[in-house]
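The values are calculated or read from the model by the stated rules, or taken from the named source; none is laboratory data. These numbers come from a predicted model, not from an experiment. Glycine gets a Cβ as well: all are built from the backbone with ideal geometry, and neighbour counts include every protein chain shown.
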Amino acid sequence: MVQKIVSILGVLLVFGAFSPVSAQETARNVPNAFRSTEYPLPRFVSLGSNEAYVRSGPGRKYPILWVYKKRSVPVEIILEYDVWRKIHDFDGQKGWVHKTLLSGRRTGFIKGEELVSLYKKPRKDSRVAAYLQPKLLIAIDSCDNGWCEVDAKEYTGYLEQSVIWGVYEDENFN
């Protein structure tokens with residue numbers, strides 16, 4: 001009986017049941033069994049299909065949890081298994097999608113509850129090109145030094161990186 005209790009406690013400790021960790025921390029410490037590529041984990045990508053099935057596990061035999069019906073929605077890959085990617089979305093939902101349904105194109109959503117200024121140049125003292133609503137889907141062209149160049153509907157400009165769900169803090173890319 002004592003041996004079973006110790007074993008159960010060991011399993012709970014291994015899976016972190018006693019300490020909450022972020023998706024980023026969990027993905028960084030993933031064993032090789034959940035790595036199929038050399039790309040970093042976690043990482044942001046977007047949906048590359050107008051219809052993407054999200055499953056409860058990594059395979060077609062697992063039930064479909066929901067279906068995305070829009071291309072370009074940003075998601076965060078937190079695990080990999082063969083051709084399957086476990087994703088985390090803006091609403092906090094998690095599930096598995098086939099890698100062919102994903103794209104490396106970067107997109108994001110406006111975070112928060114208030115309008116956000118889209119600037120003509122990557123400076124707060126620049127002219128405002130538009131005000132963007134929360135949860136607006138944007139295309140991200142590049143990020144550097146805390147600013148991202150984005151396309152938002154018919155507007156192009158710069159957003160502070162901190163207002164975008166779809167990029168990491170201090171992430172730079174072209």
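Every residue in region 153-174 that is touching a residue at least 24 places away in the same chain (Cβ under 8 Å) and closer than 19 Å to VAL75 by Cβ, please.
VAL163, ILE164, TRP165, GLY166, VAL167, TYR168, GLU171, PHE173
If you go through region 151-174, how many residues are more than 14 Å from VAL128 (Cβ to Cβ) and in a strand (DSSP E or B)? Step through it out loud before you land on a result.
Applying the first criterion (more than 14 Å from VAL128 (Cβ to Cβ)) to region 151-174 yields 151, 153-154, 161-162, 164-174.
If we keep only those that are in a strand (DSSP E or B) as well, we get 151, 164-165, 167, 173.
Residues in region 151-174 being more than 14 Å from VAL128 (Cβ to Cβ) and in a strand (DSSP E or B): 5 in total.
Residue check: is ILE64 within 16 Å of SER103 (Cβ to Cβ) and either of a type in the set (Val, Ile, Thr) or exposed (fewer than 13 other Cβ atoms within 10 Å of the Cβ) (or both)?
So ILE64 does not fit the description; no.
Any residue in region 109-126 that is assigned by TED's automatic domain parsing to the domain that holds TYR158 sitting within a Cβ distance under 9 Å of a residue that is acidic (Asp, Glu)? List the pairs, counting only those 6 or more apart or interchain.
VAL116/GLU160; SER117/GLU160; TYR119/ASP125; TYR119/GLU160; PRO122/ASP144; PRO122/GLU149; PRO122/GLU160; LYS124/GLU160
Somewhere in region 147-154, is a residue assigned by TED's automatic domain parsing to the domain that holds LYS69 and basic (Lys, Arg)?
The first filter runs over region 147-154 and keeps only residues assigned by TED's automatic domain parsing to the domain that holds LYS69, leaving none.
Checking region 147-154: not a single residue is assigned by TED's automatic domain parsing to the domain that holds LYS69 and basic (Lys, Arg).
Would you tally the residues in region 149-170 being at pLDDT 95 or above and within 16 Å of the chain's Cα centre (by Cα)?
Count: 8.
Just the residues that are under 25 Å from the mean Cα position of the chain (by Cα) and either exposed (fewer than 14 other Cβ atoms within 10 Å of the Cβ) or not hydroxyl-bearing (Ser, Thr, Tyr) (or both), please, taken from region 119-129.
Within region 119-129, just PRO122 meets the criteria.
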